[in-house]
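Written out below as structure tokens is the structure these notes cover.
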Amino acid sequence: MKHWMFNCQRVSEKISASLDGSLPLHHRLMIRFHGMICPPCANFQRQLGLMRKACRYENISGENEPGLSEQARERICNAMKNIS
Amino acid sequence: MSQTTELKPEAWVAQYGDMLFRFALRRVNDTSLAEDLVQESLLAAMKAKDRFQGQSSEKTWLFAILKHKVIDHFRSKNHWATGIEVEAFAEADEHFNDDGTWRIQPKHWDANPHQVFEQKEFIDAFYLCLSKMPQRLADAFVYKEIDGMDTEEIRKILNITTTNCGVMLYRARMSLRNCIEKSYATP
């Protein structure tokens, strides 16, 4: 059986594991090496990175976009007072 | 992050109201619905404030609650214009041939990682797919990536082993990327 480094399915599992905690350095290097010779796996790794960014993003650059209306602001503040 | 982060609910609307609203509005494209989601999120945060452990900032914590509300909103909608099919969430094994090569090779997504949130098509596809995922898989993914929990916490909540937790997160990621790829227009 060939080494996991040459098997896309096993590499994809390792890429996922690398997002969940400490993957040994040599495993991370093997993933990187595999990505250099395998564009689909490199794409997969990039996709997981984009999904993580999508989850964590919260700074909306939209100072010119409308914010909460005064009415909504007041309504929300009142609702919060009612349960505090 | 500091363990002593203190919550200041009385300042939430003034401090984060606009940011939360803009985030919600971009997802749902409906002003009154976005306002409702912000209100629901802040009320939920008030009720849960004793459970805030200070591992993240107040802002990140409030955003995480809002993201849950957005996903719940999409999940509760019955009508889907996107035609995302259940097959998008096939078992991870089904994405590979017997020799471990990709059955359908992942494509290059055009989204720029530094401006990911500015790319509405991508984020729309992301939230839509997340809300259509099988619930347990979506939960594992959301706990990890939105709530920032570690594997041990997720394992306890879902009552599974550490190994199974890794497997679930893998399946969740495979499913989600597959669904996004099917619904997100790539050049």
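What follows draws every value from the coordinates through simple rules; no lab data is involved. Just so it is clear, the model here is predicted, and its values are computed rather than measured. Here the Cβ is made from the backbone with ideal geometry for all residues, glycine too, and neighbour counts use every protein chain on show.
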> What is the P(r) of segment A:1-56, as percent of Cα-Cα pairs per 5 Å bin from 0?
Replying inline: 4, 20, 32, 25, 13, 4, 1, 0
>> Give me the one-decimal nm value for the distance between modelled label points at B:Gln105 and A:Arg28, 7 Å along each residue's Cα-to-Cβ direction.
In response: 2.7 nm
> So, in nm, how far is label A:Glu74 from label A:Met36 when the simple model puts each one 7 Å beyond its Cα toward the Cβ?
Replying inline: 6.5 nm
> Taking other Cβ within 10 Å of each residue's Cβ, how do A:Ile37, A:Ile31 sort, fewest first?
Replying inline: A:Ile37, A:Ile31
>> Considering only C-alpha atoms, what is the centroid distance from segment B:1-57 to segment A:1-76, in Å?
In response: 25 Å
> How large is the helix-only mean residue ellipticity at 222 nm for chain B, computed as the sum of -39500 (n - 2.57) over DSSP H runs with n ≥ 4, divided by its residue count, in deg cm²/dmol to the nearest 500?
Replying inline: -19500 deg cm²/dmol
> Build a GNM of chain B with springs between Cα atoms under 10 Å: which of B:Ser41, B:Ser32, B:Ser175 gets the top mean-square fluctuation?
Replying inline: B:Ser32
>> Test of understanding: ordering A:Leu25, B:Leu42, A:Leu19 by Cβ neighbours within 10 Å, fewest first, what list do you get?
In response: A:Leu25, A:Leu19, B:Leu42
> Which entries of B:Lys77/B:Lys182; A:Lys81/B:Lys77; A:Lys2/B:Lys182 show an alpha-carbon separation above 28 angstrom in the structure shown?
Replying inline: A:Lys81/B:Lys77; A:Lys2/B:Lys182
>> Please list, in order, the residues from segment A:26-54 whose amide nitrogen is less than 20 Å from a point placed 7 Å along the Cα→Cβ vector of A:Arg10.
In response: A:26-45
>> Springs between alpha-carbon pairs under 10 angstrom, Gaussian network model over chain B: which of B:Ala34, B:Ala125, B:Ala48 fluctuates most?
In response: B:Ala48
> Taking only DSSP H segments of four or more residues, each worth -39500 (n - 2.57), what value at 222 nm results for chain A once the sum is divided by all its residues, to the nearest 500 deg cm²/dmol?
Replying inline: -22500 deg cm²/dmol
>> What distance in nm lies between label points placed 7 Å from Cα along the C-beta direction at B:Asn112 and A:Lys81?
In response: 4.5 nm
